[in-house]
Amino acid sequence: MAMYGARPRAMQNRATDLLVMTDRSTEPPRRYLDNAAFLDDLRGFVDSLVAQSRYAFPESIDGSFPGDPSSWRIIAARMAATVKSEIFIPLAHVALVFHLDARDVQLLALALMVETDHSISDAFAALTHSLEEADTTAEDTSATPAPPRNTSLKTATHLLGDIGGCLFADSPLCHHQLIELADVNVSTLDGGYRLASALTAYLLGLAAPQPRVGDYITTDIIADRGLNDLIVHETVKAQMQRFGDICCAPNARFGTIVLHIESDDTTLAGALAAAAFANLGYGIAQLDARFIRWTYQSVDQRLATLQQQLRTAGRDAALCTQILLLTNSDALVGNDERDQIDLFDSTLQSLLKANAYVVLLNGPARRIADAVANVRQQGVRLFQIRVPASTPALRKLAWKKHAAYYDLPLDDALLTAIAGAYAFSEARIASVVDAVAARRALSADEHIDPVLWDACRAAAEDQPIGVAKRVDTPYRMSDLVAPERTMTLLHEVLGQMRYRPQVIDEWGFGAKYPGIANLCVLLHGPPGTGKTMASSIIANELSLPLYRVDLSTILSKYIGETEQNIEKLFVRAEALNVVLLFDEAEGLFSKRNESKDSHDRFANLQVGFLLQRIETYPGLAILSTNLLGNIDKAFLRRFRVMIEFPFPTSEDRLKLWKQIFPADVRLDPDVDLQVLADKAAIAGGHIRNAAIGAAFLAAEDGTNIKMNHLVKAVKREYDKLGKLFSDGDFPC
């Protein structure tokens, strides 16, 4: 919860206009020492007002102010002096926040005393009874009146004068739900009113409400750092600083101000908002739009009830000197196919009506702009700030900052490599450093470099990427058997990834040629020749996680849903800087169909959007295919590197057979690997399957792996491939 009693800078310009009725004496008013002193003064004022009116009330209610006006002016003047002295008085804060006039404040003060002071409550009940007795011809009015559950409007009018304008739906007291009306007829002033349930304890200084929607309570974002301490682009800091200056300018005359922050790092965006508004004296209360959607379902989809709860949340945030920050606002967008009503516009309009400031984190930018444009005549202004993706240089600063906290000995070269390899947010970097420091404390002699790399890999694994699945293997470049040209090209891919910061950022190629950060690689060759293994080797050598994309889970029969799946995949992948593998890509990247019907056009649009996102992905994307001829030639030119994995020669197959067995495996002397390499024309994947199959046959026989076990296993691989197997080629 925000600090109880903070007074925003933006409010300081209105402090002298606290109340209309002020003391006109030349002597400077004395400030109240605290809220208790103020309440004592207020109690005395209401007590004397009720007592005087009880014994000297007019024959009819004429809108006069029967009490001594000077006594209220003195209280009002002291309230204003107290506010200037930055001593917190809840009632003064309410008056400033909700732009209340003197009569509004007097109505709140009267209800507060009637509801919390027994003697005043009894005297008010007696006065109400006397007024009713004068206006009616009741048969029996001798009974002792019971204390009122609500403050009578007729009695309040008798005490304060004309209050009719304070009771309309658009009046500050009613609009912001500061009071609750009971059986009210504004024209006859029948009925009564009470303070809102959260307001009584607040005005007494006992508790401040926590903003909530339905059963869901907002969470506070603590401004633990100033704008200058945040690791973010300097242009963003300058924009946020300028925003703050605009908000608290002396001549600022705006309605609601909307700040729309677009950022892939939601934690950083929240910290920016918290730091900017902390300079203005406000805290931040984060409201998840998914809770709004769930609350709407829980109130039987009654929109009026939801809007009332949103206004209440805005009121409670204002009482706590907080700004509502809305996250996950895409959850409010409608979906006709899922019978999901659109709540976005109604929610935003409710927030704009109930709050002086609204912060939106991400969300549909065009709809936000259109919604604000529709109410521009009411003084609503929109400020949009886009936070660019973090650069390796900024991430390096974050690593240095958090490593220094634990005095971890991380050298500059290691930090440069880590910052370039993992596009972590600062919050994720901090958690990784915490883990490394804890592990180092338990094993002080352990070298820190591998510990840090392991921690980074573990952090990346904790963050799933939609439809992509993590691929973990122990393979390194020394495990791959491939022709020299294939190995050379693989090393070139590693070099392009390792030296990207130097070439793209330091040498300026990225600025001169936008999109150069993307590295798209095509691996092609027959099945089992090592394409998937090579992909995992590249990721392992770069210490980056590898994710295989299941193309079947991306595609959807619903128009637009495929694009949403693709966008979510790449946004998440960009945030984590992972290697993406599109295996068997010929299934999607085949030659595009002629648009014979709407289905063909739809399929081509899906393919086109995926190709576009692959091209703009600022990381490494690997596509593999067994059928190069089926790939659209128009797409082939977009690959920066194409690597062929040919069918292994007899020499390559011998290398594969020699390294396929674990060190603890015992081969019988009759095993002739040269014969297997010469006679069994199968690729590396099938050689691995044959070796595993032979091991199980040997285990069943209780012997070492013999030549006959290997021949049987190879024969089964031939059967899978539909190839003719000749027993005579393999003497056992």
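The values are calculated or read from the model by the stated rules, or taken from the named source; none is laboratory data. The structure presented is a predicted model; accordingly, all values stated were derived computationally and were not measured. Cβ coordinates were reconstructed from backbone atoms using ideal geometry, including for glycine residues, and neighbour counts include every protein chain displayed.
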Determine whether Ala713 is buried (at least 18 other Cβ atoms within 10 Å of the Cβ) and in contact with a strand residue (DSSP E or B) (Cβ under 6 Å, 6 or more places away or on another chain). no
Picking from Leu410, Leu351, which residue would you name as being aliphatic (A, V, I, L, M), assigned by TED's automatic domain parsing to the domain that holds Ile246 and either part of a loop (DSSP other than H, G, I, E, B) or at pLDDT 90 or above (or both)? Leu351
Tally up the residues in segment 558-573 that are of a type outside the set (A, V, I, L, M, F, W, C), at pLDDT 75 or above and over 13 Å from Ala460 (Cβ atoms), please. 5
Taking the condition assigned to a helix (DSSP H, G or I), at pLDDT below 90, of a type outside the set (Gly, Ala, Ser) and in the same structural domain as Asn565 (by TED's automatic domain parsing), does Pro501 pass? yes
Could you please let me know if Leu442 is hydrophobic (A, V, I, L, M, F, W, C) and touching a helix residue (DSSP H, G or I) at 6+ places or on another chain (Cβ under 9 Å)? no
Would you mind finding the one in Asp264, Asp300 that is surrounded by fewer than 20 Cβ atoms within 10 Å (Cβ to Cβ), within 22 Å of Ala389 (Cβ to Cβ), not assigned by TED's automatic domain parsing to the domain that holds Lys400 and not hydroxyl-bearing (Ser, Thr, Tyr)? Asp264
So is Glu446 loosely packed, with under 15 Cβ neighbours inside 10 Å, outside the structural domain of Asp412 (by TED's automatic domain parsing) and free of Cβ contacts under 8 Å to residues at least 40 places away in the same chain or not? no
Can you spot a residue in segment 638-657 that is assigned by TED's automatic domain parsing to the domain that holds Ala691, of a type in the set (Lys, Arg) and closer than 30 Å to Met497 by Cβ? yes
Within segment 367-394, the residues that are more than 20 Å from the chain's Cα centre (by Cα) and among the basic types (Lys, Arg) are Arg376, Arg381
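Among the residues of segment 427-468, count how many are among the polar types (S, T, N, Q) and either within 20 Å of Leu580 (Cβ to Cβ) or not in a loop (DSSP other than H, G, I, E, B) (or both). Even if it seems obvious, please write down each step before you answer.
We begin by selecting, within segment 427-468, every residue among the polar types (S, T, N, Q); these are 431, 443, 463.
Remaining after also requiring either within 20 Å of Leu580 (Cβ to Cβ) or not in a loop (DSSP other than H, G, I, E, B) (or both): 431, 463.
Residues meeting the conditions: 2.
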Restricting segment 504-521 to residues that are of a type outside the set (A, V, I, L, M, F, W, C) and surrounded by 14 or more Cβ atoms within 10 Å (Cβ to Cβ), which is modelled with the highest pLDDT? Asn518
Cβ contacts < 7 Å: first residue farther than 15 Å from Ala389 by Cβ and free of Cβ contacts under 8 Å to residues at least 24 places away in the same chain, restricted to segment 224-240; second residue charged (D, E, K, R) and in a helix (DSSP H, G or I), any location; separation 6+ or different chain. Result? Asn228/Lys237
Being among the aliphatic types (A, V, I, L, M) and exposed (fewer than 15 other Cβ atoms within 10 Å of the Cβ) is the filter here; which residues of segment 402-416 pass it? Ala404, Ala413
Among the helices (runs of 4 or more DSSP H) contained in segment 254-323, which hold 3 or more residues that are within 23 Å of Arg381 (Cα to Cα) and under 22 Å from the mean Cα position of the chain (by Cα)? 266-278, 303-319
Test Leu555 against the stated conditions and say whether it is modelled with pLDDT of 90 or more and either assigned by TED's automatic domain parsing to the domain that holds Asn689 or among the aliphatic types (A, V, I, L, M) (or both). no
Which numbered condition Gln378 fails, given (1) more than 27 Å from Gly619 (Cα to Cα); (2) of a type outside the set (Ser, Thr, Tyr); (3) free of Cβ contacts under 8 Å to residues at least 40 places away in the same chain: (3)
Residue selected from segment 287-338 under the condition touching a residue at least 60 places away in the same chain (Cβ under 8 Å) and among the aromatic types (Phe, Trp, Tyr), by the criterion nearest to Ala92 (Cα to Cα): Phe291
Write out, first by first residue and then by second, each pair whose Cβ atoms fall under 8 Å of each other, whose residues are 6+ apart or on separate chains, and whose first residue, in segment 103-114, is within 15 Å of Ser152 (Cβ to Cβ) while the second is charged (D, E, K, R) and not in a helix (DSSP H, G or I). Ala111/Arg194
Within segment 369-387, considering residues that are modelled with pLDDT of 90 or more and not in a helix (DSSP H, G or I), the one nearest to Thr267 (Cα to Cα): Val387
Within segment 522-544, identify whether any single residue is at pLDDT below 85, of a type in the set (D, E, K, R) and surrounded by fewer than 21 Cβ atoms within 10 Å (Cβ to Cβ), and answer yes or no. no
Which ones in segment 394-416 are touching a helix residue (DSSP H, G or I) at 6+ places or on another chain (Cβ under 8 Å), hydrophobic (A, V, I, L, M, F, W, C) and free of Cβ contacts under 8 Å to residues at least 24 places away in the same chain? Leu415
The lone condition Ile660 fails out of (1) out of contact with any Ser or Thr (no Cβ under 7 Å at 6 or more places or on another chain); (2) at pLDDT below 90 is (2)
Output the helices (runs of 4 or more DSSP H) that fall wholly within segment 597-712 and possess 2 or more residues being farther than 30 Å from Gly728 by Cα, or say none. 598-616, 633-636
Could you check segment 581-609 and list, in sequence order, the residues that are in contact with an Asp or Glu (Cβ under 9 Å, 6 or more places away or on another chain) and at pLDDT 75 or above? Asp583, Phe609
Quick one: Leu494 ticks every box in (1) under 35 Å from the mean Cα position of the chain (by Cα); (2) more than 22 Å from Asp583 (Cα to Cα) except a single one, so which number is it? (2)
